[in-house]
């Protein structure tokens with residue numbers, strides 16, 4: 001039995017930082033923020049990539065826990081084949097590849113938020129996770145559609161047109177469905193009164209963040225502080241099952257080689273194809289890169305979340321991570 005890790009729960013600090021950034025979005029001149037968007041894009045990669053750069057260690061640990069022998073060559077070939085297959089789909093049918101990316105990303109975001117809860121059925125669990133992720137992706141895109149549509153165009157998906165009314169309807173539906181899910185989960189005793197307030201507060205806080213900040217700023221804050229931090233904590237918990245005392249600093253150090261390799265790959269993509277993708281925002285290559293590496297990473301994280309029958313992490317005032325292998 002692996003003892004719980006006494007890791008401070010930073011979720012309250014993250015909510016405070018998010019609130020400050022959201023309020024700052026109302027005060028800082030919009031022109032100043034928009035002039036720094038390339039910086040935010042760089043920070044998005046700098047802080048977000050490491051949580052996926054540990055996939056090699058994660059795959060090795062999951063293979064060992066499943067009682068099989070880990071093969072580095074098989075892992076690397078499988079990872080590369082999956083990325084190349086996705087690139088091939090994007091080249092042939094970019095709209096289909098884009099939809100796949102949205103669905104996988106939405107579900108992946110939902111997993112990192114809902115990993116601590118026990119659901120009455122897989123259907124309810126997956127639907128909840130998918131709707132949460134659609135909130136995270138849909139709200140900043142719909143609220144800042146002019147910026148988002150340029151990035152989507154740069155990704156060679158095509159041109160999107162949405163009226164203000166249709167966007168307003170979609171925003172209402174996304175928020176209404178997610179709040180309705182929270183009410184249902186509270187009624188079904190999946191959420192306690194305290195956790196219901198916590199999850200509702202998350203939705204409202206993120207809505208305020210997406211509303212008051214530009215697209216890349218709001219999404220970047222969520223991706224780095226909310227998603228990446230949670231995902232890294234879950235991976236550290238898994239790795240700790242065979243390495244007692246394993247900490248986030250160990251994870252970051254060991255994932256450094258793949259992190260640097262990812263940066264080099266992105267740099268090469270921007271250098272050789274940046275002008276080809278650029279339509280004003282110069283973010284198309286960046287998000288295409290994110291899409292390609294997200295697909296294998298999301299499948300690996302799905303494997304991680306299936307490894308435990310009990311919650312991987314318990315968000316509480318005690319700030320402890322419960323680690324119980326199947």
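The values are calculated or read from the model by the stated rules, or taken from the named source; none is laboratory data. Everything numeric here is computed off the predicted structure, so don't read it as measured data. Backbone-built Cβ (ideal geometry, glycine too); neighbour counts: all protein chains shown.
Quick look at the numbers
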{"read-out": "Single unsatisfied condition, residue 66 versus (1) surrounded by fewer than 14 Cβ atoms within 10 Å (Cβ to Cβ); (2) closer than 30 Å to residue 265 by Cβ; (3) modelled with pLDDT under 70", "value": "(3)"}
{"read-out": "Failed item in (1) modelled with pLDDT of 85 or more; (2) touching a helix residue (DSSP H, G or I) at 6+ places or on another chain (Cβ under 6 Å), with residue 172 passing the rest", "value": "(2)"}
{"read-out": "Given (1) modelled with pLDDT of 85 or more; (2) more than 16 Å from the chain's Cα centre (by Cα), number of the condition residue 137 does not satisfy", "value": "(2)"}
{"read-out": "Sole residue being part of a helix (DSSP H, G or I) and free of Cβ contacts under 8 Å to residues at least 12 places away in the same chain, chosen from 169, 203", "value": "169"}
{"read-out": "Some residue of region 40-47 being surrounded by 13 or more Cβ atoms within 10 Å (Cβ to Cβ) and at pLDDT 85 or above", "value": "no"}
{"read-out": "Helices (runs of 4 or more DSSP H) contained entirely in region 93-156, each with at least 3 residues that are closer than 21 Å to residue 188 by Cβ", "value": "94-114, 122-143"}
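Per-residue answers, yes or no, for (1) at pLDDT 90 or above; (2) over 15 Å from residue 128 (Cα atoms); (3) touching a strand residue (DSSP E or B) at 6+ places or on another chain (Cβ under 6 Å); (4) surrounded by 13 or more Cβ atoms within 10 Å (Cβ to Cβ):
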{"position": "159", "(1), (2), (3), (4)": "no, yes, no, no"}
{"position": "168", "(1), (2), (3), (4)": "yes, yes, no, no"}
{"position": "177", "(1), (2), (3), (4)": "yes, no, no, yes"}
{"position": "187", "(1), (2), (3), (4)": "yes, no, no, no"}
{"position": "194", "(1), (2), (3), (4)": "yes, yes, no, no"}
{"position": "198", "(1), (2), (3), (4)": "yes, yes, no, yes"}
